[in-house]
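The values are calculated or read from the model by the stated rules, or taken from the named source; none is laboratory data. Bear in mind the structure is a predicted one, so any value in this text is a computation, not a measurement. Ideal geometry is used to build each Cβ from the backbone, glycine not excepted, and the neighbour counts take in all protein chains shown.
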Amino acid sequence: MKWQLSKLQLYLLIALGALLFTSVWSYTAFLNIEQQNEKVANEAIPLSNTASQIYPLMLDQELSIRYYVYLQDESSLQQYELANIRMHDVVSEIEELDHSHPIMNQIIEEEALPLIAEMEQFHRQQIGRIQSGRVDEANELRNSQRSNLNILRFVNDKIQEDNQAIILEAFEQSEAAANSARWVILIVSALTFLIFFALVHSFRVERSQKALIYKSLHDALTGIPNRRAFDERLEEAWREARQLNKPLSLILVDIDAFKAFNDTYGHLHGDACLRNVAQVLRRLVKEPALPARYGGEEFAVVMPVESAAEARELAEEIRKEVLALGIDHSGYNPLCKLTVSVGVSTMVPGLYENESELIERADQALYQSKEEGRNRVTVKNIR
């Protein structure tokens, strides 16, 4: 007897096939989403965070050598050596992480490493001049690496752009997979249980994506926005200030003698110190301004203002509030308390200017605060 399917059986078989097909498709799409999220969490973000340390570390080395030339003290020399060791560790970590990103590897190999090697050679020569008693010669050459430092800043921008492209590609693939899953779910909307299961899973994936985005834009130690968030906010604020023809301020905050603090109290207390300073910034800085950890023991505030005086007032408040924390710092005389040096710059963006000029001027102001005794605010406004 020939076996035939009834219409109901046929409909049930079609529904079963649709359920099976949708289940496989949805599961594959969700797996792809999670794989892309894992790629961002385990590869792109660590690579980005590691690569973003190159410029701050080189800046730390340059400042340490300048202080060493100026003061001929062992503390500055030790700080340089530690930053130099960390720089080599960072380059090694990038080489390990960057096996699947040739553009990043090319930028590091062809642009960053030659500059690092040239500046490192100069730093060693400066150390040799000081140790052989040629202090005047070393002082004359103290600022000769400024152009290389500026070039390295641009190389750092290219590294950040490639990092953004890596993360954006992963998120776009994740979003595409999520859209596919949602489309399939709509097709089989009659399969209520499957839709419910898929939606629950998609909410979990969405939370995972939001957590990744938050993680990529916030510093893990202090909880405030990180360097990437700072760069994005500075670019946005610069564009808005240019359109509105209004001033924009940048405040750079650096903890004084932080290496000595770590050496005296240990890195756990050093981490707590960074969190305390970050809390001061979180409390004092209000929207639309943005506080961020700029790198190491340095913090930054992007601040749209009506006048340059607002930025100076906030900088003074930050300096006073950090001092008011009353954190002991026995290795830092004469105050023996934790303090910060602050550099402030304000400018109205012109048509042919970019935000690097604002950063450079704030950096110069910070350096002047350090040279003039620390625990002070220096302002260098462009106009």
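Numbers for the structure displayed
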| read-out | value |
| --- | --- |
| Strands (runs of 3 or more DSSP E) wholly inside the range 243-354 containing at least 1 residues that are charged (D, E, K, R) and surrounded by 14 or more Cβ atoms within 10 Å (Cβ to Cβ) | 248-255, 290-295, 298-304 |
| Options A170, A165, A138, A112: the member that is in the same structural domain as G17 (by TED's automatic domain parsing), under 26 Å from S52 (Cα atoms), among the small types (G, A, S) and modelled with pLDDT of 75 or more | A112 |
| Subset tally (residues that are in a helix (DSSP H, G or I) and touching a Lys or Arg at 6+ places or on another chain (Cβ under 6 Å)) for the range 127-160 | 2 |
| Subset of the range 309-335 (residues that are at pLDDT below 90 and hydrophobic (A, V, I, L, M, F, W, C)) | L335 |
| Some residue of the range 368-376 being more than 21 Å from P56 (Cβ to Cβ), part of a strand (DSSP E or B) and touching a strand residue (DSSP E or B) at 6+ places or on another chain (Cβ under 7 Å) | no |
| Filtered residues of the range 339-363 (kept if in contact with a strand residue (DSSP E or B) (Cβ under 7 Å, 6 or more places away or on another chain) and either of a type outside the set (D, E, K, R) or without any contact (Cβ under 8 Å) to a residue 12 or more places away in the chain (or both)) | V340, S341, V342, G343, V344, S345, T346, M347, P349, L358, I359, A362 |
